[in-house]
Amino acid sequence: MTREKNPLVGVLALQGAFREHVAALERLGAATREVRQLKDLDGIDAMVIPGGESTTMGKLLVDLGIMEPLRARIEGGMPVYGSCAGLILLCRHIEGSAQPRLGVLDATVRRNAFGRQVDSFEADLHIPELGPEPMPAVFIRAPVILSTGPGVKALARVEMDGAERAVAVREGRILATSFHPELTPDTRFHRYFLDICKGAV
Ligand code: GLN
């Protein structure tokens with residue numbers, strides 16, 4: 001396999017559910033590297049930012065000097081996928097929060113959007129890009145996207161308080177989900193990201 005067909009995917013491993021992303025990507029044959037310090041960015045072709053706690057992860061990215069170089073790589077075209085806290089870190093606007101972020105995704109996000117009563121839940125999502133079979137999605141203190149810029153495509157939505165809210169979005173090579181595909185055996189979302197990395201979709 002050439003390098004192009006088998007990208008080296010960095011998985012941010014400061015905090016949160018990174019091991020599950022590594023496992024899902026490796027099941028699909030991708031090479032992975034856990035990113036814990038700045039030099040771990042060298043030579044990676046793509047990046048995954050896992051779920052966890054976005055304020056903690058953002059602070060660590062700044063303290064470790066990774067935030068700016070990672071943003072520059074993404075702005076230079078490196079594919080990135082963020083789930084849950086990872087989605088929050090990608091968004092340009094975070095409702096009511098000045099927390100550190102990459103801010104590369106033209107979207108406004110609301111954290112912990114589903115409230116305390118429904119801390120976590122599962123839903124079957126219809127995602128046309130992944131085929132006709134519904135995708136099982138796990139939401140844990142999940143964010144929703146409130147609004148997006150013109151270049152952002154919503155891949156999946158859920159109904160919330162009478163409004164349809166995006167929970168999976170793509171803007172070019174930036175992919176983000178409110179939910180956690182790494183926690184279910186369905187690997188189609190990770191495959192979709194690897195297809196983005198290969199320029200196949
Ligand atoms: N609520 C968390 C945050 O705001 C995200 C939750 C998650 O990643 N499972 O960072």
The stretch 45-127: spread of alpha-carbon positions along the three principal axes, whole Å, largest first, is 38, 29, 20
Amide H to amide H under 5 Å from Leu125: which residues, 5+ apart in sequence or cross-chain, H placed 1.01 Å off N in plane? Met135, Ala137
Phi-derived 3J(HN,Hα) across the stretch 155-168 with the Karplus relation (6.51, -1.76, 1.60, θ = phi - 60°), rounded Hz, x for Gly and Pro, is 9, 8, 9, 10, 8, 9, 6, x, 10, 8, 10, 6, 10, 8
Any chance you could get the radius of gyration and Dmax over the Cα atoms of the stretch 98-201, in Å? 13.6, 41
Apply the Karplus curve 6.51 cos²θ - 1.76 cosθ + 1.60, θ = phi - 60°, to the phi angles in the stretch 72-79 and return the couplings in whole Hz, x for Gly and Pro. 4, 4, 5, 5, x, x, 5, x
List, in order, the whole-Hz ³J(HN,Hα) value for each residue of the stretch 132-139 obtained from phi through the Karplus relation with A = 6.51, B = -1.76, C = 1.60 and θ = phi - 60°; use x for Gly and Pro. x, 5, x, 9, x, 10, 9, 10
Using only protein heavy atoms and a 1.4 Å probe, report how much of Cys91 is accessible, in Å² to the nearest 10. 0
Evaluated at q = 0.29, 0.32 Å⁻¹: base-10 log I(q)/I(0), Debye formula over Cα of the stretch 156-201: -1.09, -1.16
What residues have an amide H closer than 5 Å to that of Gly10, excluding those fewer than 5 places away on the same chain, when H is modeled at 1.01 Å from N in the peptide plane? Arg33, Asp45, Ala46, Met47, Val48
Please work out the Kirkwood hydrodynamic radius for the stretch 1-94, using every pair of different C-alpha atoms, and report it in angstroms with one decimal place. 13.3
Please list the non-local residues whose amide H lies under 5 Å from the amide H of Val144, H modeled 1.01 Å from N, same-chain partners needing a gap of 5 or more. Arg110, Ala113
q = 0.15, 0.18, 0.19 Å⁻¹, the chain: log10 I(q)/I(0) [Debye, one scatterer per Cα]: -0.85, -1.28, -1.46
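The values are calculated or read from the model by the stated rules, or taken from the named source; none is laboratory data. In this text, all values refer to a predicted model and were calculated from it rather than measured experimentally. We work out accessible area using only protein heavy atoms, side chains counted, and drop any ligands, DNA or RNA first. Shrake-Rupley method; radii C 1.70, N 1.55, O 1.52, S 1.80 Å.
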